[in-house]
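The structure under discussion appears below in the form of structure tokens.
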Amino acid sequence: MRLSASILGALVLALSVAAPARAVPVVPLPATVVPGEGAVAIRNGAVVSSSDAAVGAYFRDLVRRLAKLKLRSGAHGGIDFRRDASVAGAEAYVLDATRKGVVVRAGTREGLFYGAVTLAQLLSAGGPLAAVHIEDAPRFAWRGLMLDSARHFQSVATVKKLIDAMALHKLNVLQWHLTDDQGWRIEIKKYPRLTQIGAWRLDADGRRTGGFYTQAQIRDVVAYAKARAITVVPEIEMPGHAMAAIVAYPKLGSAEGAPSRVTVDWGILPYLYNTDDSTFAFLEDVLSEVMALFPGPYIHVGGDEAVKDQWKANPAIQARMHALGLKDENALQSWFVSRIGAFLAAHGRRMIGWDEILDGGIPNDAAIMSWRGTAGAIAAAKSGHDTVLSPAPVLYFDNRQGTATSEPPGRGTVVTLKDVYAFDPAPAELSPDERRHVMGLQANIWTEHIPTDAQVSVMAFPRAAAVAELGWSGAQVWDGFARRMAVMLERYRALGIGYSPSAFAVNADARLDPARTTATVALASQAGIGEIHLTLDGTAPTANAPSYGGPFQVKLPAMLKAAAFLDGRALTAPTTRKLDAPSLLRRDSRELKLCGNAIPLSLAGYGTTFLVDIVNPCWIYEKAHLDGLAHLEAGVAHLPYNFSIGTDRDKIALHPPRTKDGELEVHLDDCAGAPIAVLPLSAAAKGVTTIAAALPPLSGQHDLCFVFTQRSIDPLWVLNWVQLAP
Ligand code: ACM
């Protein structure tokens, strides 16, 4: 039988359209993928030739780690990387895999590097490489992550590990947040006290913490990044977020009486650099050393959250403002930042700053990083400034990725992988012409609540992969991305990249039925891909275990284990839930609802984590079946209130205590009215203390509200868990 030409045409078309998502499990998705005929086997000992030795070496190392394949270097390889000026585009490459071998061509070193990353990903699954023609180039020039090394200091090894992981995603900008109120992290030879004094603080628990990067270490990191096609953009904050520098050199400050030590408070502090010429001389000296270390075109000068109280209160600064003919402190900040921008421009660099630097007007060659939503980016682009989209909360990777208690601490707002992937980096408010000012996007890893190096990677990944795909291809087809991410997670595991499983892990919502002999269980995952298989006898679920078809009732006790499977393979370790009445009557603070959502934080302390809104510490245990319950226990703790939240602190509603040490109050339904139980805090020691109370006879299904009574918000009383019992 002969197929008609049109049917044949339709088949070929269908194959080439269907191919990218399944057959090319590459993240970020390449721009053009055309499947070819046949396949080529790449075996141990295969030869790699490269016109750029470093790219060849990087590729062989990556393939060894990803695919356990040992490739050799040689002059004429079955895998050949070649510079080819006919491939246009600063980051573009062309990859041809045929039955005869693989050729990667690019006009630039960066393009060749990206071709190597794509090919390594293609080989990571093992088996023969299907013939394919890929033509690829990024949508945006700025595909960034920001690492805050000021709030918590990370080792050089950790910074390099992050750079390595970025390279796997073709992310190409690492903004390095090196100075802030809580620490100065970059050695400046002319001003040694910046790191002798400014790099160290006493943490809330009295421990001396900190550290800084020597100039030699920074050179090493910058070179390491460059080898991976990544530019490091240093951020030196001004005029605010300057406390550590002012502690080191009090003459830089704007207020009488310099602070005596670097703060451990998070939030917005009042310390601003003053506007003296000697302070500009200091900043220019600092920036001169910074420019010598960071060869990239951009220097980030911060500019965010500079509350002007100290400038308003300082007569000399007010006199200068008036002498300059400036109408207010915003205009003074604009003058300040413009003066620094002119200095950078005179040295061949461009200034970039957070969107506040737009507030008082700014020269057009300054670029704007929009963090207060995308409004700053829209204003910037409309007024002719280049801009990078970095809006909170969606691109703020200090937010947690899910509600699971396995998530590390962070901000309490949940920003999932899917939320990040749904972000639109082409704001509809901009015309096509204005859109050309959008250089790209960046996610920020702020580390106030990320105390350990290991947590940095877990907060970054897999969400950074969504940033990479939006920045590279903008495909934004969730199902295809999620399926390719299942393969990416295997790469993370092979390379030892820490990541959160929350997007793909099964969430088990298990509710105790009123009689307390059965529970109703609903299973889901954020990603919604694959099929959920489960067991109830404690054995590990396989792809042959019963599959989940909808909420079900289970007789207690049982041990639930569930995971999502794709193509027969589990996407994550199984979620495990002990199903018995006591377990189902217990809630971790992260399983309670917060009464408000002003500043929700998932705070680390005493070896555990507390979900709390720090301006309204109040929790709700939802929909408890109360018939027959007679006891309540709670794990409580107090934490230092080291949050600088300005006048919001005065708005915190304190519930008056009955006794010196205060109480935990339990209210029925809402948080008003007389409490149904009052648990004195006098027994609470340092750490998490269990306190208990009897419950009055209650019936029906109700919310329970938990609030502390206290005279002062410091210390902050927090709930760690609640246990109801018959
Ligand atoms: C910022 O989050 N203050 C840029």
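Just wondering, is there one or more residues in the stretch 500-517 that are open to solvent by 30 Å² or more (accessible area, probe 1.4 Å), under 30 Å from Ile163 (Cα atoms), modelled with pLDDT of 95 or more and of a type in the set (Phe, Trp, Tyr)? For the stretch 500-517, residues open to solvent by 30 Å² or more (accessible area, probe 1.4 Å), under 30 Å from Ile163 (Cα atoms), modelled with pLDDT of 95 or more and of a type in the set (Phe, Trp, Tyr): absent.
Among what's in the stretch 404-434 and is assigned to a loop (DSSP other than H, G, I, E, B) and of a type in the set (A, V, I, L, M), pick the residue that is nearest to the ligand (Cβ to nearest atom). Selected residue: Val415. Total residues in the stretch 22-33 satisfying the condition of being outside any loop (DSSP other than H, G, I, E, B) and in contact with a helix residue (DSSP H, G or I) (Cβ under 6 Å, 6 or more places away or on another chain): the figure is 1.
For Ala475, the stated conditions do not hold, so it cannot be described as without any contact (Cβ under 8 Å) to a residue 40 or more places away in the chain, part of a loop (DSSP other than H, G, I, E, B) and either surrounded by fewer than 24 Cβ atoms within 10 Å (Cβ to Cβ) or of a type in the set (Asp, Glu) (or both).
Matching residues to (1) away from the ligand (no atom under 16 Å from the Cβ); (2) in contact with a Gly (Cβ under 9 Å, 6 or more places away or on another chain); (3) open to solvent by 10 Å² or more (accessible area, probe 1.4 Å); (4) touching a residue at least 40 places away in the same chain (Cβ under 8 Å):
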site	(1), (2), (3), (4)
Pro250	yes, yes, yes, no
Ala258	yes, no, yes, no
Arg261	yes, no, yes, yes
Gly267	no, yes, yes, yes
Leu272	no, yes, no, no
Glu284	yes, no, yes, yes
His300	no, yes, no, yes
Glu305	no, yes, yes, yes
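Scoring Arg436 on the criteria (1) surrounded by 22 or more Cβ atoms within 10 Å (Cβ to Cβ); (2) farther than 23 Å from His177 by Cα; (3) charged (D, E, K, R) leaves a single failure, condition (1). Please specify each residue of the stretch 189-205 satisfying the condition of being loosely packed, with under 14 Cβ neighbours inside 10 Å and more than 28 Å from the chain's Cα centre (by Cα). Across the stretch 189-205, the qualifying residues are Lys189, Lys190, Pro192, Gln196. Residues considered: His625, His533. Of these, the only one that is open to solvent by less than 20 Å² (accessible area, probe 1.4 Å) and farther than 30 Å from Leu654 by Cβ is His533. Within the stretch 441-466, if we keep just the residues that are closer than 16 Å to His177 by Cα, buried (at least 24 other Cβ atoms within 10 Å of the Cβ) and not small (Gly, Ala, Ser), the residue that is farthest from the ligand (Cβ to nearest atom) turns out to be Val456. Report yes if some residue within the stretch 266-273 is hydrophobic (A, V, I, L, M, F, W, C), in contact with a strand residue (DSSP E or B) (Cβ under 9 Å, 6 or more places away or on another chain) and farther than 20 Å from Ile357 by Cβ; otherwise report no. Taking every residue of the stretch 266-273 in turn, at least one turns out to be hydrophobic (A, V, I, L, M, F, W, C), in contact with a strand residue (DSSP E or B) (Cβ under 9 Å, 6 or more places away or on another chain) and farther than 20 Å from Ile357 by Cβ. Restricting the stretch 214-239 to residues that are under 23 Å from the mean Cα position of the chain (by Cα) and within 16 Å of the ligand (Cβ to nearest atom), the residue that is nearest to Phe59 (Cα to Cα) is Val233. The test for being touching a residue at least 40 places away in the same chain (Cβ under 8 Å), open to solvent by 10 Å² or more (accessible area, probe 1.4 Å) and away from the ligand (no atom under 16 Å from the Cβ) holds for Pro295. Counting the residues of the stretch 224-245 that are within 22 Å of Leu344 (Cα to Cα) and either open to solvent by less than 10 Å² (accessible area, probe 1.4 Å) or not hydroxyl-bearing (Ser, Thr, Tyr) (or both) gives 14.
Of all residues in the stretch 342-371, those that are under 22 Å from Val290 (Cα atoms) and open to solvent by 40 Å² or more (accessible area, probe 1.4 Å) have Cβ atoms under 7 Å from Cβ atoms of residues that are within 15 Å of the ligand (Cβ to nearest atom) and not basic (Lys, Arg), 6 or more apart or on another chain, in Arg350/Ala367. No other residue among Ala229, Ala244, Ala157, Ala141 is at positive phi and among the small types (Gly, Ala, Ser) apart from Ala229. For the stretch 372-403, taking the residues that are surrounded by fewer than 20 Cβ atoms within 10 Å (Cβ to Cβ) and more than 13 Å from the ligand (Cβ to nearest atom), the one that is farthest from Gly440 (Cα to Cα) is identified as Thr403. Look at the stretch 313-339: where a residue is open to solvent by 40 Å² or more (accessible area, probe 1.4 Å) and a partner is assigned to a helix (DSSP H, G or I), sitting 6+ places away or on another chain with Cβ atoms under 8 Å, you get Arg320/Leu332; Leu324/Leu332; Leu324/Trp335; Asp328/Met321; Arg339/Phe280. The set of residues from the stretch 404-431 being in contact (Cβ under 8 Å) with a residue 60 or more places away in the chain and either open to solvent by 40 Å² or more (accessible area, probe 1.4 Å) or acidic (Asp, Glu) (or both) comprises Thr405, Ser406, Glu407, Arg411, Thr413, Lys418.
Count, please, the residues in the stretch 378-402 that happen to be under 16 Å from Gln455 (Cα atoms) and not acidic (Asp, Glu).
Final tally of qualifying residues: 6.
Against the conditions (1) of a type in the set (Ser, Thr, Tyr); (2) closer than 23 Å to Ala367 by Cβ; (3) open to solvent by 10 Å² or more (accessible area, probe 1.4 Å), Thr179 satisfies every one except (3).
The values are calculated or read from the model by the stated rules, or taken from the named source; none is laboratory data. Given the structure is predicted, the values throughout are model-derived calculations rather than measurements. Cβ sites come from the backbone with ideal geometry, for glycine too, and all protein chains shown count toward neighbours. Each accessible area value is taken on the protein alone, full model and side chains, heavy atoms only, with ligands, DNA and RNA left out. Shrake-Rupley method; radii C 1.70, N 1.55, O 1.52, S 1.80 Å.
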